[in-house]
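The values are calculated or read from the model by the stated rules, or taken from the named source; none is laboratory data. Nothing here was measured: the structure is a model prediction, and the numbers come from that model. Backbone-built Cβ (ideal geometry, glycine too); neighbour counts: all protein chains shown. Protein only, heavy atoms only, side chains kept; ligands, DNA and RNA dropped before computing areas. Shrake-Rupley method; radii C 1.70, N 1.55, O 1.52, S 1.80 Å.
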Amino acid sequence: MSVPHRPKSTPLLLAILAEAMGYGAIFGLIADLQDTYGFDRVGLSLVAFIAFPAALFGQLVLAPLADKGHSRKLLWCGLVTAAVGMVLFYFGRGLGIFVFARALVGLGSGTFIPTARRIVIGNNPENPGSAVALAGAADIGGFLLGVPLAKGVKSWAEHAGWEHPVNAPFAVLCIILLLVGPYAALRTPRQPVTDHEKLAVRRVLRIPAARAGLMVGVGFSVAIGTLDAIAARFLKDLGANDKETVIVMLALSIPLVGFMPIAGKFVDRVGPLKAGFMGLIATVPLFVGYGFTRSLLVVGILGAVQAAANSVVYTAGQAAVANSTQRHGLVAAGQGTYEAVAAIGGGLCALGAPLIYFRDDARPMWTALAVLVLIAALTSRKLAVRAEGEDAPPRVERTRVSSE
């Protein structure tokens, strides 16, 4: 019975991919924008950071309105907002407009992607895990495709003699989004209306296993936030050209997607919280290693191993939150809380990392990231141990929820 639902989700999955490509493009071009328009590391920090609170607003304030029957409006809102952000990136020539454009892209994605993910899950209710995996693959895959596409269009624009080649990729990405997004929104039927629990997030945070899963998510998000702000700048400072930057960034990204099936089986076998802890611990020495090398080859190898480990972390965190909240009837609230916590952790690191990054000595910044990941791992493990004996209480909670 799940097969007929899949075609309904295809346009939305493509739209998620198109939205995420914008994030990937900014990730790959942020250092080029800095060099071309001459803003300092504080400006770099602002451009990297602003997307996270904007996305957080979309995830916590706007996207939950989908439960009240406003899914199609939210899809259009997220689509138009992100497209306007891309247009501003294309026409922008200074820091202020880039900060505003990045906020719009973040708000658009923070509104569109969670709404689309909920619809994809609703289209295949018999297999929610598979639906979440499909949406996650579209999200990460779009981010992955955005980097080489943006670099490729930039190189083409340079050879074609464009006056501002670094801005050219955003026009292409806007066109792709406007070709795919409206079709997805128009094909989306009206969604059923459900009750919205204002205290759902608070109830999620009272579940020890959910808190442990959220800490795994924090360990993942602080790494992503730091890489979002610093990776392109770090590679340029190591002497990478555009082709080398794309290759290393693909090494940082491809294993994250490619190892997902293996990561899923590993998480199922050892348990999400234990797997998440092991994945986080594995990345700690890798982050330290970034600061002690000037070789692009070594960075690429470290990045590939780190991405493979993060595929376990990414899968484990979401699975832990989903498993622990399902018994309480709080799956949607749990996933929303996970995204919000990840946005906060990633945003703070995106804001702070450029401020402690130095071209001649990147060791303090990478070491600080390693320490944060280690703290998240140890905290998640402590909460997991505390949650081990909580199997019985959820039955009482489930009865109470169903009676509301």
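What the table shows:
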quantity	calculated
Test: residue in the stretch 19-37 that is under 21 Å from Leu186 (Cβ atoms), aliphatic (A, V, I, L, M) and either at pLDDT 85 or above or in a helix (DSSP H, G or I) (or both)	yes
Subset tally (residues that are touching a residue at least 12 places away in the same chain (Cβ under 8 Å) and open to solvent by 10 Å² or more (accessible area, probe 1.4 Å)) for the stretch 28-52	11
Residue match in the stretch 234-242 (condition: closer than 27 Å to Ala320 by Cβ and part of a helix (DSSP H, G or I))	no
Sole exception among (1) crowded, with 24+ Cβ neighbours inside 10 Å; (2) touching a Pro at 6+ places or on another chain (Cβ under 6 Å); (3) within 25 Å of Arg363 (Cβ to Cβ) for Val313, by number	(2)
Single residue of the stretch 153-174 satisfying the filter (free of Cβ contacts under 8 Å to residues at least 60 places away in the same chain and part of a helix (DSSP H, G or I)) that is most open to solvent (accessible area, probe 1.4 Å)	His159
Every residue from the stretch 272-294 that is surrounded by fewer than 22 Cβ atoms within 10 Å (Cβ to Cβ) and at pLDDT below 95	Lys274, Gly291, Phe292, Thr293, Arg294
Verdict on Ala55 being among the small types (Gly, Ala, Ser), out of contact with any strand residue (DSSP E or B) (no Cβ under 7 Å at 6 or more places or on another chain), surrounded by 18 or more Cβ atoms within 10 Å (Cβ to Cβ) and within 26 Å of Lys236 (Cα to Cα)	no
Residue among Asp361, Asp391 that is at pLDDT 85 or above, open to solvent by 30 Å² or more (accessible area, probe 1.4 Å), acidic (Asp, Glu) and outside any helix (DSSP H, G or I)	Asp361
The listed residue being modelled with pLDDT of 80 or more and surrounded by 21 or more Cβ atoms within 10 Å (Cβ to Cβ), out of Ala131, Ala116, Ala135	Ala116
Residues being within 29 Å of Ile247 (Cβ to Cβ) and either open to solvent by 10 Å² or more (accessible area, probe 1.4 Å) or of a type in the set (Phe, Trp, Tyr) (or both) - total across the stretch 197-221	1
Matching entry among Gly336, Gly291, Gly271, Gly303 (being touching a residue at least 40 places away in the same chain (Cβ under 8 Å) and either under 23 Å from Ala210 (Cβ atoms) or basic (Lys, Arg) (or both))	Gly336
Which numbered condition Val248 misses (of (1) open to solvent by 70 Å² or more (accessible area, probe 1.4 Å); (2) at pLDDT 85 or above)	(1)
Positions within the stretch 58-78 being modelled with pLDDT of 90 or more and buried (at least 24 other Cβ atoms within 10 Å of the Cβ), in sequence order	Leu75, Gly78
Qualifying residue in the stretch 324-331 (condition: in contact with a helix residue (DSSP H, G or I) (Cβ under 6 Å, 6 or more places away or on another chain), of a type in the set (A, V, I, L, M) and within 16 Å of Phe220 (Cα to Cα))	no
